Amino acid sequence: MNRWSSVSLCIAALLLSPVPLQAQQASGGVQDVEAAYPDSSEGLQKMLHETIEAVKSRDPTKEATLIHTLIMPEDAMWFKDEFGPSFGPRLAVAYQKITPELEQQIQTVYEGNAQRGWSQPKIFRYADAATVGSPIDNFLNCMDVVVPLYQTAFNGDRPGSQVAVNVNTPGSKVVAGDLPGYYVYAKGGFRFVPQAIFSLLPKERPIRIQLDMNVMRSKIINNVQWKYPEEAIRQHIKGKVVIHFVLDTNGKIKEISAAEGPRILSDPVLQAVRQWTFEPTTLDGEPVEVEINLETGFQINGNY
């Protein structure tokens, strides 16, 4: 056999050799984990049970993969989708700040549960604010579209934690039992959100009413006007524009978007309306948010 034949056989052997298990798990482990546990009490219970069993059987790869999936992905829009553009971004920023230490906290608690033989948690599912107490009812009420919150009881019939106090550092650390917070199903898998994040929500979500722009026009304090875009004039672009916006309880723009109209026409209107402020609106003496549709347009020779 000549030298080039030997080299070719070596290359073929490398290409046909099996991929190491760790590499397989690294490339597809997260997707496999998320597909295995559906959005249900049984799905969460199975995932947590198998995580504790991975600790007990000393399978660090599976343990790390399962725990890592409990962290909300960085690109997840879950907080904004559930709590809106007013509350959501603040919660997302707070979550990202604690993410580096959250994974270690989860690992500590689960390994503590494995040492105590707690591997089959009872699961509590909350999806109806009318049937649960504070503060869970408030967390659900603050959602734009309610999604279930899950809680565990690893030892007994109620959620509880075992803590350890370090005399050299202030505070205490949860070392076993139940993580202080809630599990949610987002982007195809269960994620854990500490209660401290949900506690940033307001105690009560403001009431929102819808009013006609003709009613609200007299309440404008700062009215910035827009101009017909020169480029649109040159291109003879005309048409109707509809801007949808929401005022907070102080009369400031909270949410705004273009609902209708070509972008070349809607952009200057958006820029102007973003600067508007209104007198606060009340309902039965209580401040409320106001949802408004502003219809305007640009005409050429009196026609849209």
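The values are calculated or read from the model by the stated rules, or taken from the named source; none is laboratory data. Since this is a predicted model, take the numbers as computed values, not measurements. Neighbour counts are summed over all protein chains in view; Cβ atoms, including those assigned to glycine, are modelled from backbone coordinates with ideal geometry.
Quick test for you: out of TYR183, TYR150, pick the one residue that is out of contact with any Lys or Arg (no Cβ under 6 Å at 6 or more places or on another chain), under 26 Å from GLY84 (Cα atoms) and in contact (Cβ under 8 Å) with a residue 24 or more places away in the chain.
Details: TYR150 fails: out of contact with any Lys or Arg (no Cβ under 6 Å at 6 or more places or on another chain).
Going through TYR183, TYR150 in turn, the sole match is TYR183.
Listed here are the residues, each with its yes/no results for (1) under 23 Å from SER161 (Cα atoms); (2) under 18 Å from the mean Cα position of the chain (by Cα); (3) not polar (S, T, N, Q).
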{"residue": "THR51", "(1), (2), (3)": "yes, no, no"}
{"residue": "LYS56", "(1), (2), (3)": "yes, no, yes"}
{"residue": "GLU63", "(1), (2), (3)": "yes, no, yes"}
{"residue": "LEU66", "(1), (2), (3)": "yes, no, yes"}
{"residue": "GLU74", "(1), (2), (3)": "no, yes, yes"}
{"residue": "TRP78", "(1), (2), (3)": "no, yes, yes"}
{"residue": "PRO85", "(1), (2), (3)": "no, yes, yes"}
{"residue": "TYR95", "(1), (2), (3)": "yes, yes, yes"}
Is it the case that some residue within region 205-214 is touching a residue at least 24 places away in the same chain (Cβ under 8 Å), closer than 14 Å to ARG274 by Cβ and loosely packed, with under 13 Cβ neighbours inside 10 Å?
no
Check region 156-176 and report whether any residue there is in the same structural domain as ASP81 (by TED's automatic domain parsing), buried (at least 18 other Cβ atoms within 10 Å of the Cβ) and touching a residue at least 60 places away in the same chain (Cβ under 8 Å).
yes
Considering residues that are surrounded by fewer than 20 Cβ atoms within 10 Å (Cβ to Cβ) and closer than 17 Å to ALA127 by Cβ, the number found within region 185-197 is 2
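When residues of region 280-301 are filtered for being more than 19 Å from SER86 (Cα to Cα) and in contact (Cβ under 8 Å) with a residue 24 or more places away in the chain, how many remain? Break it down stepwise before answering.
Taking region 280-301 first, the residues more than 19 Å from SER86 (Cα to Cα) are 282-286, 294-301.
Next cut, in contact (Cβ under 8 Å) with a residue 24 or more places away in the chain only: 283, 286, 294-300.
Result for region 280-301: 9.
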Among (1) closer than 23 Å to ARG208 by Cα; (2) surrounded by 15 or more Cβ atoms within 10 Å (Cβ to Cβ); (3) in contact (Cβ under 8 Å) with a residue 60 or more places away in the chain, the one test that GLY88 misses:
(3)
Could you list, in sequence order, all residues of region 271-295 that are farther than 19 Å from ILE221 by Cβ and modelled with pLDDT of 90 or more?
ASN293, GLU295
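Quick one: which of PRO89, PRO100 is touching a helix residue (DSSP H, G or I) at 6+ places or on another chain (Cβ under 9 Å) and not in a strand (DSSP E or B)?
On the way: PRO100 fails: touching a helix residue (DSSP H, G or I) at 6+ places or on another chain (Cβ under 9 Å).
Being touching a helix residue (DSSP H, G or I) at 6+ places or on another chain (Cβ under 9 Å) and not in a strand (DSSP E or B) holds for just one of PRO89, PRO100, which is PRO89.
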Across (1) touching a residue at least 40 places away in the same chain (Cβ under 8 Å); (2) of a type outside the set (Asp, Glu); (3) surrounded by 12 or more Cβ atoms within 10 Å (Cβ to Cβ), TYR304 clears everything bar (3)
When residues of region 35-66 are filtered for being out of contact with any strand residue (DSSP E or B) (no Cβ under 8 Å at 6 or more places or on another chain), within 16 Å of PHE190 (Cβ to Cβ) and buried (at least 20 other Cβ atoms within 10 Å of the Cβ), how many remain?
5
Residue check for GLY112: within 24 Å of SER172 (Cα to Cα) and either surrounded by fewer than 18 Cβ atoms within 10 Å (Cβ to Cβ) or out of contact with any strand residue (DSSP E or B) (no Cβ under 8 Å at 6 or more places or on another chain) (or both)
no
How many residues does region 124-142 hold that are crowded, with 18+ Cβ neighbours inside 10 Å and aliphatic (A, V, I, L, M)?
2
Could you check region 127-142 and list, in sequence order, the residues that are free of Cβ contacts under 8 Å to residues at least 40 places away in the same chain and outside any helix (DSSP H, G or I)?
ALA127, ASP128, VAL132, GLY133, SER134
